[in-house]
Amino acid sequence: MESSVTVIQTAPIGVGRVDTEEEILGLYRAHLSKGRATLAELFGSHMEVESSGAWLTTSDGERFLNAGGYGVFIMGARHPIVMEAVLRQLNTHPTATRILLEPTVARAAEALTSVTPAGLDRVHFALSGAEAVETGLKLARANGRKRTVSMRGGYHGKTMGALSATAKEVYQAPFRPLLPDVTHLPFGDPDALRDELKAHPGEVCVILEPVQGEGGVIIPPKGYLKQVEEMVREFDGFLILDEVQTGFGRLGEWWGIDAEGVLPDVLLAGKALGGGVVPVSAAIATRQAFKPFDKDPYVHTATFSGQPLLMAAVQGAVQAIQEERLVSRSMELGAALLPRITEIAHRNIPDLVVDVRGQGLLIGLELVEAGLAGELLIELFNHGVVANHSMNGSSVVRFTPPAILTDSDVEFLLDSFDKATLDLVRGSATMPKGGN
């Protein structure tokens, strides 16, 4: 009997294959997301195919300054120290059995805890920021805190537990019911938090960001984080600081909690933790908070947690930041960029600006409506700069450039912003033309 199987001829994968924009858009629509394809078309359907330092290159040879990346690229793309560590591990032992002792995960934990606040000694590695959030929430549950408090405007990811803490209706609505007993309070309001903690002593886990990144670069009042810590301790709660985006030097400190000397039960890291090369996240806990995981090593596991290739990147990332003083460089660059971006915005588009705010290399420009933020992103791209929108603050354009910017990179960014805002006010947001 003859086979009825039809053999489909496809283009070979690998060397010599040339991808066109039309083909890739078609594949997005066929296999990924039609919405993502539409978004890509707004930016001219450019394909990014190469990156180095602060710059990325598209398939047509255009170069763009990367002031986006949602906080991943604090040390730029393909930093040589990180790349050397990753390639060395790739060529020796990239993936472990997770049964035997394996040195890279131990050394990565040592490196990470050497730059976290004293008392945070235990690490669980994961891949995404949302996985780190889930780890923190599970530790809170395992320590008896069954109620969760997060802040309006906060963003913690889109897995079920993390989504429950992410207070945005459009993300939550299709997936309800979510976790029970989750309360969302105003960010920066200690009185509202005190009332909630007082009503449920010994039951509450509080999760928040030092600065709300996806919320639109919302900076709390000075002393607020310390107040939160003190209240959580007063009412026997559990404190998770989500520094997936703000940590690793983004705010001009190793961690956003450093300035106020806050010690959470769990600190969450991600984004830049993989050195801009591989995806890595981590939940770093106190010994007391981590006890449920110490007691049973199988109670919370993941196949790719602590894999050697990723752990090599963590070690390389810590080394790169330390050797090149990228934390202090982040503070210096932010202090230089924020006033100049503010001046240009108020000079060129005074009627369209609500606020310009930032800390370190997390800078947000709030416009009077969300549509203008989208237009400005396109105009920035037209002038060779990639920036980001804010998922919980749709009228805010965010700049998260790397701490390796040169003086000429800074001037390029500011010149492009100047031209983009002038084009915005002229109403000339068009299909992107490309960078320099």
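The values are calculated or read from the model by the stated rules, or taken from the named source; none is laboratory data. Computed from a prediction, not measured in an experiment: that's the story for all the values here. Here the Cβ positions follow ideal geometry from the backbone for every residue, glycine too, while neighbour counts run over all protein chains shown. What goes into the accessible areas is simple: the full protein's heavy atoms, side chains included, and nothing from ligands, DNA or RNA. Shrake-Rupley method; radii C 1.70, N 1.55, O 1.52, S 1.80 Å.
So which of VAL277, VAL217 is in contact with a strand residue (DSSP E or B) (Cβ under 9 Å, 6 or more places away or on another chain), surrounded by 24 or more Cβ atoms within 10 Å (Cβ to Cβ) and of a type in the set (Val, Ile, Thr)?
Sole residue among the options that is in contact with a strand residue (DSSP E or B) (Cβ under 9 Å, 6 or more places away or on another chain), surrounded by 24 or more Cβ atoms within 10 Å (Cβ to Cβ) and of a type in the set (Val, Ile, Thr): VAL217.
Kindly indicate whether LEU338 is open to solvent by 20 Å² or more (accessible area, probe 1.4 Å), under 14 Å from ASP418 (Cα atoms) and modelled with pLDDT of 95 or more.
yes
Look through segment 186-214, keep the residues that are out of contact with any Pro (no Cβ under 8 Å at 6 or more places or on another chain) and hydrophobic (A, V, I, L, M, F, W, C), and return whichever of them is farthest from GLU253 (Cα to Cα).
Ranking the qualifying residues of segment 186-214, first place goes to ALA199.
Taking the condition open to solvent by 20 Å² or more (accessible area, probe 1.4 Å), more than 26 Å from the chain's Cα centre (by Cα), in contact (Cβ under 8 Å) with a residue 60 or more places away in the chain and on the phi < 0 side of the Ramachandran plot, does ASP418 pass?
Considered against the rule, which asks whether it is open to solvent by 20 Å² or more (accessible area, probe 1.4 Å), more than 26 Å from the chain's Cα centre (by Cα), in contact (Cβ under 8 Å) with a residue 60 or more places away in the chain and on the phi < 0 side of the Ramachandran plot, ASP418 comes out as yes.
Going by what's in this entry, would ASP407 be described as open to solvent by less than 50 Å² (accessible area, probe 1.4 Å), more than 19 Å from the chain's Cα centre (by Cα) and not hydroxyl-bearing (Ser, Thr, Tyr)?
no
Taking segment 147-166, which residues are out of contact with any strand residue (DSSP E or B) (no Cβ under 8 Å at 6 or more places or on another chain) and either closer than 25 Å to ASP195 by Cα or not in a loop (DSSP other than H, G, I, E, B) (or both)? It would help to see each step written out before you state the result.
Our first condition is that a residue be out of contact with any strand residue (DSSP E or B) (no Cβ under 8 Å at 6 or more places or on another chain); within segment 147-166, this holds for 157-163.
Hits for segment 147-166 are MET160, GLY161, ALA162, LEU163.
Hey, can you tell me all the residues within segment 360-404 that are surrounded by fewer than 24 Cβ atoms within 10 Å (Cβ to Cβ), within 21 Å of the chain's Cα centre (by Cα), assigned to a strand (DSSP E or B) and not β-branched (Val, Ile, Thr)?
GLU366, ASN388, HIS389 - these are the residues of segment 360-404 that are surrounded by fewer than 24 Cβ atoms within 10 Å (Cβ to Cβ), within 21 Å of the chain's Cα centre (by Cα), assigned to a strand (DSSP E or B) and not β-branched (Val, Ile, Thr).
Quick test of your reading of the structure: VAL262 fulfils all but one of (1) under 16 Å from ALA118 (Cβ atoms); (2) open to solvent by 10 Å² or more (accessible area, probe 1.4 Å). Name the failing condition by number.
Among (1) under 16 Å from ALA118 (Cβ atoms); (2) open to solvent by 10 Å² or more (accessible area, probe 1.4 Å), the lone unmet condition for VAL262 is (2).
Any chance you could count how many residues in segment 228-251 are part of a loop (DSSP other than H, G, I, E, B) and crowded, with 23+ Cβ neighbours inside 10 Å?
Adding up the residues that qualify gives 10.
Does segment 149-185 hold any residues that are closer than 17 Å to LEU239 by Cβ, of a type in the set (S, T, N, Q) and open to solvent by 10 Å² or more (accessible area, probe 1.4 Å), and which are they?
Within segment 149-185, just THR183 meets the criteria.
Suppose we filter ASP191, ASP121 for residues that are out of contact with any helix residue (DSSP H, G or I) (no Cβ under 9 Å at 6 or more places or on another chain), of a type outside the set (A, V, I, L, M, F, W, C) and either open to solvent by 20 Å² or more (accessible area, probe 1.4 Å) or assigned to a loop (DSSP other than H, G, I, E, B) (or both); which single one remains?
ASP191
Which of the residues belonging to segment 23-34 are part of a helix (DSSP H, G or I) and free of Cβ contacts under 8 Å to residues at least 12 places away in the same chain?
Applying the first criterion (part of a helix (DSSP H, G or I)) to segment 23-34 yields 23-31, 34.
Within segment 23-34, GLU23, GLY26, LEU27, ARG29, ALA30, HIS31, LYS34 qualify.
Give me a count of the residues in segment 35-58 that are assigned to a strand (DSSP E or B), in contact with a helix residue (DSSP H, G or I) (Cβ under 9 Å, 6 or more places away or on another chain) and either charged (D, E, K, R) or open to solvent by 30 Å² or more (accessible area, probe 1.4 Å) (or both).
Residues in segment 35-58 being assigned to a strand (DSSP E or B), in contact with a helix residue (DSSP H, G or I) (Cβ under 9 Å, 6 or more places away or on another chain) and either charged (D, E, K, R) or open to solvent by 30 Å² or more (accessible area, probe 1.4 Å) (or both): 1 in total.
Does ARG329 count as open to solvent by 40 Å² or more (accessible area, probe 1.4 Å), basic (Lys, Arg) and without any contact (Cβ under 8 Å) to a residue 40 or more places away in the chain?
On the way: open to solvent by 40 Å² or more (accessible area, probe 1.4 Å): yes; basic (Lys, Arg): yes; without any contact (Cβ under 8 Å) to a residue 40 or more places away in the chain: no.
No, not satisfied.
Are any residues in segment 95-116 open to solvent by 30 Å² or more (accessible area, probe 1.4 Å), closer than 21 Å to LEU268 by Cβ and outside any helix (DSSP H, G or I), and if so, which ones?
SER114 - this is the single residue of segment 95-116 that is open to solvent by 30 Å² or more (accessible area, probe 1.4 Å), closer than 21 Å to LEU268 by Cβ and outside any helix (DSSP H, G or I).
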